[in-house]
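Working notes, beginning with the structure itself.
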Amino acid sequence: MTYSETLAELNSRYPNGAPAGIDIEALAQLKTQNTFETHLDIAKAMATVMRKDMARYDADTSQFTQSLGCWSGFHAQQMMRAIKRQKGSLDRAYVYLSGWMVAGLRNRFGHLPDQSMHEKTSVVDLIQEIYVSLRQADEVDLNDLFNELKTTDDRDAVIAKIDGFETYVRPIIADIDAGFGNVHATYLLAKEMIKAGACCIQIENQVSDAKQCGHQDGKVTVPREDFNEKLRAVRMAFEELGVHDGVIVARTDSLGAGLTQKIPVSREAGDEAAEYTKWLETQPVSDLNQLADGEVAIQLDGQLVKPTRLPNGLYKFRADTGEDRVVEDCISSLNDGGADLLWIETATPNVAQIANMVNRIKEKAPHAKLTYNNSPSFNWTLNLRKQVREDWIAEGRIKAEDYDEARLMSAAFDEDALGIEADRRLQAFQTDIAREAGVFHNLITLPTFHGTAKVMNDLSEGYFGEQKMLAYVKEIQREEIRKSVSAVRHQHEVGSDLGDTFKEMTGGDRALKAGGEHNTMNQFADVA
């Protein structure tokens with residue numbers, strides 16, 4: 001309910017005044033600032049937001065959505081504040097919760113690689129923390145508006161701002177890795193993530209106990225029917241909790257995964273098991289005596305063959321079958337597993353490659369839409385400059401010797417025609433991939449990991465070097481002031497004014513407030 005509606009409802013409930021002499025307008029303010037009753041309410045509301053955004057994208061591919069990976073609630077809060085400050089709205093802005101960053105940065109066991117070695121509860125805790133931070137941003141901004149309401153001559157205008165306030169709460173796409181165990185474990189963890197506020201859960205088709213980062217080697221996929229069972233487990237968790245619009249992202253790592261842990265059982269020709277098994281690397285067996293003790297043989301296309309098996313018991317897929325397996329994975333996830341969105345993990349950012357796979361998928365699943373990882377694991381500068389170089393050579397615009405591929409990362413190319421064209425393509429990449437490759441959601445998995453590293457590197461070099469305090473003031477504080485970053489008033493940002501307001505609500509003139517004339521935050525008022 002809006003503030004106006006809440007105030008009217010409270011006045012109706014307490015015609016003779018609220019108990020203990022509590023101010024009715026104060027109660028209405030608190031109820032308005034509490035933008036969601038529970039985090040399960042958040043999951044339901046944000047799922048509906050995502051579904052509307054997906055329908056809008058289907059009608060117009062320029063309306064794609066975006067997110068940045070955040071490893072704390074504060075990162076998510078500051079991202080949303082920056083977007084709202086710049087654009088005036090948080091439309092189509094999401095939060096991505098990366099399992100990689102949980103493993104690397106939110107892990108009681110230390111900084112560990114992306115191999116599902118972090119505690120399950122740490123993912124749930126981070127979802128909860130992000131939404132606590134976003135809701136506090138609501139409280140802080142609404143409290144400022146209510147303070148304005150106390151002093152304004154135009155109450156109607158301020159009340160209109162309060163009633164029309166846009167919450168900072170936005171959808172989270174939350175990474176459940178490979179499900180952290182069996183199907184039941186996946187279901188139980190999904191429920192906890194949803195209760196923490198997740199409206200969208202991303203799950204990958206790797207083996208839980210051998211999970212690797214999508215951009216590392218040694219990935220092992222599971223048969224499609226195994227993966228579909230986990231997709232169903234997540235769907236059942238959404239349905240049980242009443243989040244009927246819940247969104248599932250089915251990720252396939254098959255493009256870079258050359259191994260599988262088991263050979264599925266085929267019940268009839270052309271079923272999912274047969275379609276998965278046909279890609280195995282095999283050797284023909286003409287005589288059973290060719291099999292050593294413990295070796296496995298299967299019938300494939302009417303021929304007895306021996307799958308290539310590694311010393312660890314894993315089976316190999318044939319080389320150069322990754323794209324074919326990706327296409328089949330995605331069709332199965334959508335049509336049989338009930339997934340809503342796809343995620344194809346790639347080795348390089350190549351619009352044409354992804355578009356080719358998506359077009360093949362759409363032949364069997366016309367509704368296919370993607371979430372795409374604009375990963376920091378890609379050397380974006382090098383990849384895009386290589387693509388421009390290859391295109392220009394093919395078009396006859398340059399010769400191979402004109403640009404030494406080994407030197408393409410050089411800063412000398414920053415102002416060169418090739419480097420400028422590569423940057424133009426970088427700027428257009430998300431728009432192009434949304435239009436040509438069915439990408440509904442563009443995300444960067446680890447920007448706050450790298451951003452924090454870069455800021456701390458530059459600050460430390462200057463502060464412990466020659467610049468001393470100038471390093472902090474020039475690179476951080478002045479920029480905060482000049483860009484109107486609200487966190488420059490750090491006491492206000494973490495809710496000191498909320499405390500003052502509540503003290504006034506309960507104690508009136510007796511309130512001991514922090515925001516008086518001696519508060520140093522006053523130095524940052526009206527300085528931009």
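Each value in this text was obtained by applying a stated rule to the coordinates, not by laboratory testing. Please read all numbers here as calculations on a predicted model, not as lab measurements. In this analysis, Cβ positions are derived from the backbone assuming ideal geometry, glycine residues included, and neighbour counts consider all displayed protein chains.
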Scattering profile of the chain from the Debye formula, Cα beads only, expressed as log10 I(q)/I(0) at q = 0.07, 0.08, 0.10, 0.11 Å⁻¹, is -0.50, -0.64, -0.93, -1.08
Each label sits 7 Å from Cα toward the beta-carbon; between Thr506 and Glu166 the label points are separated, in nm, by 3.5 nm
With +1 on the Cβ of every Lys and Arg and -1 on the Cβ of every Asp and Glu, the dipole magnitude of the chain about its Cα centre, in debye rounded to the nearest 20, is 300 debye
The longest stretch of the chain containing none of the chymotrypsin sites (Phe, Trp or Tyr not before Pro) that sit in a DSSP loop with at most 10 other Cβ atoms within 10 Å is 110-463
Checked against the positive end of the charge dipole of the stretch 456-524 (+1 on Cβ of Lys and Arg, -1 on Cβ of Asp and Glu, about the Cα centre), the farthest of Ser496, Met456, Ala511 is Ala511
Violations at 27 Å Cα threshold for listed pairs Lys87/Lys503; Lys52/Lys84; Lys191/Lys278; Lys230/Lys262; Lys31/Lys195 -> Lys87/Lys503; Lys191/Lys278
What helix-only [θ] at 222 nm does the chain give? Using -39500 (n - 2.57) per DSSP H run of at least 4, over all residues, to the nearest 500, the answer is -15000 deg cm²/dmol
Projected onto their principal axes, the Cα atoms of the stretch 68-169 stretch, largest extent first, over whole-Å spans of 58, 23, 15
Any residue on another chain or 5+ positions along whose placed amide H is under 5 Å from the amide H of Val439 is listed here as Leu370, Ala434
Among Ser333, Ile354, Ala394, the residue whose Cα sits farthest towards the positive end of the charge dipole of the stretch 307-418 (+1 at Cβ of Lys and Arg, -1 at Cβ of Asp and Glu, taken about the Cα centre) is Ser333
Applied in sequence order to the stretch 21-30, the curve 6.51 cos²θ - 1.76 cosθ + 1.60 (Karplus, θ = phi - 60°) yields integer Hz couplings, x standing for Gly and Pro, of x, 5, 5, 4, 5, 5, 4, 4, 5, 4
Simple spin-label estimate for Arg478/Asp144, 7 Å along Cα→Cβ, in nm, reads 2.4 nm
Given a Förster distance of 35 Å, the FRET efficiency implied by the Cβ-Cβ spacing of Arg51 and Arg267, rounded to the nearest 0.05, works out to 0.50
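Return the loop-located GluC sites (Glu not before Pro) in the stretch 452-528 (DSSP other than H, G, I, E, B) with at most 11 other Cβ atoms within 10 Å of their own Cβ; answer none if there are none.
On the way: sites: Glu461, Glu466, Glu475, Glu479, Glu480, Glu493, Glu504, Glu517; in loops: Glu466, Glu517.
Hits after loop and neighbour filter: Glu466, Glu517.
When the Kirkwood radius is taken over all Cα pairs of the stretch 456-524, what Stokes-Einstein diffusion coefficient follows at 37 °C and 0.692 mPa s, in µm²/s?
Working: Rh = 14.1 Å.
It comes out at roughly 232 µm²/s.
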Relative to the chain, whose Cα atoms define the longest principal axis, helix 73-87 and its Cα axis are tilted in degrees, nearest 10, by 80 degrees
With +1 on the Cβ of every Lys and Arg and -1 on the Cβ of every Asp and Glu, the dipole magnitude of the stretch 456-524 about its Cα centre, in debye rounded to the nearest 20, is 120 debye
Toy charge model, Lys and Arg Cβ at +1, Asp and Glu Cβ at -1: the stretch 169-260 dipole around Cα centroid in debye, rounded to 20, equals 160 debye
